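See structure below.
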Amino acid sequence: MADEDLSKLKIEKTRAISRPRRRKKIVFWVLLVLVIILSGVLYYKGTFTPAIQVQIATVTQVYPSQALTVLNASGYVVPQRKSALASKVTGRLIWLGVEEGNRVKKDQIIARLESQDVEAAKKQAEANVNAARHNIELARAELREATLNLERNKALLAKGYVATSLYDSALARYEKAAAAVDGAEATLKANLAGLEGADISLEYTSIRVPFDGVVLTKNADIGDIVTPIGAAANAKSAVITIADMNSLQVEADVSESNLNKIKRGQPCEIQLDALPGDRFRGAIHTIVPTADRTKATVMVKIRFVDKDSRVLPEMSAKVAFLSRPAKPEEQKPRVAISQSAIVNKKGKESVFLVKENIAVETAVTLGIKISDMVEILDGIKVGQQVVINPPEKLRNGLKIKAAEK
């Protein structure tokens with residue numbers, strides 16, 4: 001009995017060896033399946049796939065009025081009334097009452113030159129006028145006396161009481177007194193003219209504004225010599241430069257071959273590089289009736305329909321000539337992208353946003369079409385980047401890179 005019990009305690013080697021092998025095979029196949037699944041997921045996510053080259057564009061703001069554009073041109077804002085203020089006399093600048101950006105009124109005095117010599121000349125002219133007036137009074141008194149003496153001698157001569165020689169002397173005295181009065185009056189006129197000239201010379205030392213405007217530049221400082229010629233060393237020919245801001249217009253060059261597309265009064269839209277987010281209404285003021293043979297262009301002047309204090313002379317501008325006036329709703333900016341960026345899947349529109357070189361599919365809500373672009377009502381914002389003409393193999397989450405141009 002004891003031997004039989006011991007025989008039952010024997011271990012079968014085949015069973016003991018086969019069980020660990022079977023377990024290892026199961027673990028191996030499980031791990032293999034997990035690796036295959038993980039690889040598939042990573043492949044789908046683009047972890048092991050190279051980045052796809054795509055074309056990228058930025059979401060921008062556009063204006064519906066762009067669809068009305070028949071021609072574009074560029075130019076600069078130029079004041080049609082501009083003046084460099086100077087003096088007609090040479091002198092040292094002793095006072096300057098304005099600086100750049102100040103608004104000035106017509107006839108306002110903005111600067112003065114030294115005027116001691118001119119003031120002295122005016123006082124001398126005034127004294128000469130006063131002396132001439134006194135001389136006239138003396139001459140007229142002498143004429144009155146000579147007239148009485150002549151009439152008295154004329155009456156006595158008629159009665160034979162005096163000799164003819166006395167009458168002749170009285171007549172000569174009268175004529176001399178009359179001539180003296182005429183000479184004194186002429187002298188007074190000459191002295192009055194001299195006084196007027198002195199007043200004008202004194203006025204020239206005060207520089208006045210010819211029209212309402214804004215000071216653009218200050219060309220001289222106190223102590224500078226101002227001369228109308230400006231040829232002397234360190235001499236200034238102008239004190240300040242002003243412009244009438246109500247006369248600002250855009251001067252643009254239009255090719256001769258495109259003149260048939262524009263006409264006077266045609267509506268325009270003006271964009272200034274300094275104010276890229278704004279559009280200004282404009283209209284063709286005039287087409288200058290001469291061409292520039294070197295550039296084969298004609299200058300066109302466009303006036304601003306609405307005045308804006310932010311518009312300054314010499315700003316660079318772009319002008320869009322429109323086929324018709326833009327409606328108020330067409331002048332408001334819209335968020336838009338190229339129509340080629342839209343992906344339509346089962347009736348739903350989306351785009352591929354670019355986020356850290358990853359394509360992220362994003363649903364969007366579309367609005368109106370604007371030329372070759374389409375308005376985006378919801379889903380993306382201005383400044384974001386999207387893929388245009390996305391390839392068929394592009395999927396959400398794949399790596400992308402901008403195609404070389």
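FYI, it's all coordinate maths here, none of it is from the lab. Note that the coordinates shown come from a computational prediction; the quantities given were computed from them, not determined experimentally. Quick reminder, even Gly has a Cβ in these numbers, built from the backbone with ideal geometry, and neighbours come from all protein chains shown.
The distance linking segment 303-348 with segment 166-192 is 84 Å (Cα centroid to Cα centroid, whole angstrom).
Seen against the Cα atoms of the chain and their longest principal axis, helix 164-204 is set at about 10 degrees. Normalising by residue count, the chain has a Cα convex hull of 350 Å³ per residue. Given segment 91-192, what count of lysine pairs have C-alpha atoms under 24 Å apart, with each pair 8 or more places apart or on different chains? Close lysine pairs found across segment 91-192: 4.
Sorted fewest first by neighbouring Cβ atoms within 10 angstrom, Tyr161, Tyr63 come out as Tyr161, Tyr63. Roughly how many Å is it from the Cα centre of segment 124-159 to that of segment 211-280, as a whole number? Their Cα centres are 64 Å away from one another. Using every pair of separate Cα atoms, the Kirkwood estimate puts the hydrodynamic radius of segment 256-382 at 17.9 angstrom. Projecting the alpha carbon convex hull of segment 155-219 along each direction and taking the average yields 7.9 nm².
For segment 73-156, the list of trypsin sites (Lys or Arg not before Pro) that fall in a loop by DSSP and count at most 12 other C-beta atoms within 10 angstrom reads Lys88, Lys105, Lys106.
When Val250, Val98 are arranged by Cβ crowding within 10 Å, least crowded first, meaning fewest neighbours, the order is Val98, Val250.
About the centre of its Cα atoms, the chain shows a dipole size close to 3320 debye [charges on the beta carbon of Lys, Arg (+1) and Asp, Glu (-1) only; nearest 20 debye]. Compactness of segment 116-204 is given as radius of gyration and Dmax, 19.6, 66 Å, from Cα positions. DSSP loop trypsin sites (Lys or Arg not before Pro) in segment 244-321 with at most 16 other Cβ atoms within 10 Å of their Cβ, which ones? Qualifying residues, ordered by number: Lys263, Arg264, Arg293, Lys295, Lys307, Arg310.
Calculated mean residue ellipticity at 222 nm for the chain: -11000 deg cm²/dmol, from DSSP H runs with n ≥ 4 weighted as -39500 (n - 2.57), summed, divided by the residue count and rounded to 500. Over the C-alpha atoms of segment 244-328, the Rg to Rh ratio, Rh being the Kirkwood estimate, stands at 0.96. Below 8 Å, C-alpha to C-alpha, sequence gap of six or more: please give me the relative contact order for segment 116-204 in percent. Averaging sequence separation for qualifying contacts and normalising by length gives 52 percent for segment 116-204.
Per the Kirkwood formula applied to alpha carbons, segment 147-292 shows a radius of gyration over Rh ratio, Rg over Rh, of 1.48. Largest GNM mean-square fluctuation among Val298, Val35, Val335, using the chain with Cα springs under 10 Å: Val35.
In percent, rounded to a whole number, the relative contact order of the chain is 26, using alpha-carbon pairs under 8 Å and six or more apart.
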